[in-house]
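Working notes, beginning with the structure itself.
A short reminder: the numbers here are calculations on the coordinates, not readings from a lab. Keep in mind that what you see is a predicted model, and the values were worked out from it rather than measured. Note that each Cβ is placed from the backbone with ideal geometry, even for glycine, and that neighbours are counted across all protein chains shown.
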Ligand code: NAD
Ligand code: DAU
C-alpha cells in the first residue's frame with residue numbers, strides 16, 4: 001500500500017507519518033509546501049527511511065498534484081494539509097479558503113481521476129461551533145449541525161461538505177474524522193500548550209484570552225493518529241467519525257497545570273483581549289468510533305501533558321529556532337498592543 005500524507009511536516013501530520021512508519025508496512029509519500037507551520041527538521045529522523053519520501057509541493061497547484069498522482073499511484077490519500085490557526089484566520093481569511101477549500105477540491109479531483117481506494121479528510125470539532133458552559137450534558141455528535149464561528153472553521157466545514165459531495169455525486173470512497181484539540185510533540189508554539197510551555201520557560205508573560213474560562217477537549221496526538229488509521233482500515237465509506245476523549249479543561253486550568261509542573265509562578269498569567277468570536281466550549285461525543293471501531297484514547301491527560309512538557313524541555317533547539325524566525329513578527333503583531 002502507498003499513502004499520500006499531505007501536511008506531513010506539520011504537527012499532527014508528522015506524528016501520523018511516524019506512527020505509520022513505526023507500526024505499519026506502508027509506503028509513505030509526505031507532501032508539504034513548508035509554510036511557516038511546516039518544518040523539515042521535524043522529519044529529519046525519517047528522511048532516509050526506505051518506506052518514506054518527502055515531496056515539497058502545494059495542494060493548490062492542480063498541475064503539480066495531477067503529475068504527482070500519475071507518477072506515484074497512491075492507494076490512500078490522508079489530507080492533513082491546511083492553514084490551522086484560528087487567530088491567523090481572523091487576521092487573513094483568504095489563504096484559509098485557498099488552502100483548505102480549493103486545495104481539498106484539487107486533491108479530490110486527483111483522487112477521483114486516479115481511482116484512489118480511500119480519501120480521508122482530517123477535520124475538526126470546530127465545524128460544530130461551540131457549546132454553552134452551563135450545559136455540561138451537551139456534546140458534539142456526528143449529527144450535530146455545522147455552525148461555524150471563524151474563517152478557519154468555516155473553511156474546514158466547506159472542505160468537509162465538498163468531500164461528502166464527492167462521495168454522493170461521484171462515488172469517491174471517502175471518510176472524514178472530526179477531532180478535538182490535539183497536544184503533543186512538534187506542535188507549533190503559536191498554539192496554547194506549546195506557547196505556554198515555551199514562554200513560561202523564559203519567564204515571559206502568558207497571554208490568556210478573555211477570562212480563561214473557555215473549555216477545550218484535549219487529546220494526545222498519537223491517540224488521534226491511531227483513530228485516523230482505524231477509520232481508514234475499518235471505517236464505513238462515506239461516514240464521519242468524531243474523535244475525542246472526554247478530557248475537558250478550561251484554558252486557565254491547563255495553564256496552571258503546566259506552571260505547576262514547570263515550577264513557575266501563576267503571576268506570569270496575563271489576561272489579554274478576547275479572541276473575536278471566541279468559541280466557549282468544545283466537547284466531543286466519541287461513542288460512534290468506540291462502538292464501531294473499538295477506539296478509546298490511551299493517554300490520560302496527566303501522562304500526555306508530562307510527555308509533552310518533557311519533549312519541549314528536551315527539544316529546545318526545535319522550537320527556539322522557530323521562535324527566533326518570522327514568528328517574532330507574528331507575536332508582535334498579534335499580542336504587541338497588550
Ligand atoms: P499545522 O499547521 O501544524 O500543519 C499544517 C501543515 O500543512 C504544515 O506542515 C504546512 O506546511 C502544510 N500546508 C499548509 N498549506 C499547504 C499547502 N497549500 N500545500 C501543502 N502543504 C500545506 O496543523 P496541525 O495542527 O497539524 O493540523 C493538521 C490538520 O488537522 C489540519 O487539517 C487541521 O485542521 C486538523 N486538526 C487539527 C487539530 C489540532 O488540534 N491541531 C485538531 C483537529 C483537526
Ligand atoms: O478543536 C480543534 C482545533 O483546535 C483545531 O481545529 C485547530 O486547528 C487548533 O488550532 C485548535 O484550535 P483552538 O483555537 O482551540 O486552539 P488554540 O491553541 O489556538 O487555543 C486554545 C484555547 O486557548 C482557545 O480557547 C484560545 C486560548 N488561547 C490561545 C492562545 C494562542 C489563549 O487564551 N491565549 C493564546 O495566546
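Of interest is the spacing of the C-alpha centroids, which for the range 157-174 and the range 79-104 amounts to 19 Å. If both residues of a DSSP beta bridge must be in the range 2-335, then about 10% of such bridges are antiparallel.
Against the main long axis of the alpha-carbon atoms of the chain, helix 11-23 sits at an angle near 60°. Global dimensions of the range 244-320 from alpha-carbon coordinates: Rg and Dmax equal 16.1, 46 Å. Evaluated on the range 1-137, the Kirkwood hydrodynamic radius is 15.8 Å, with distances taken between all distinct Cα atoms.
Projected onto its three principal axes, the C-alpha set of the chain covers 57, 44, 37 Å, listed from the longest axis down.
Going from the fewest other Cβ atoms within 10 Å to the most, the residues 237, 86 appear in the order 237, 86. Computed from Cα atoms, the angle from the helix 104-113 axis to the main principal axis of the chain rounds to 20 degrees. Taking every DSSP helix (H) stretch of at least 4 residues in the chain, weighting each as -39,500 (n - 2.57) and dividing the sum by the residue count yields a mean residue ellipticity at 222 nm of -12000 deg cm²/dmol.
Each 10 Å bin from zero up to the one holding the largest Cα-Cα distance in the range 186-338 carries the following percent of pairs: 10, 34, 33, 18, 5, 0.
Computed from Cα atoms, the angle from the helix 221-234 axis to the main principal axis of the chain rounds to 20 degrees. In percent, rounded to a whole number, the relative contact order of the chain is 18, using alpha-carbon pairs under 8 Å and six or more apart. Modelled label positions at residue 323 and residue 45, each set 7 Å beyond Cα in the direction of Cβ, lie 2.2 nm from each other.
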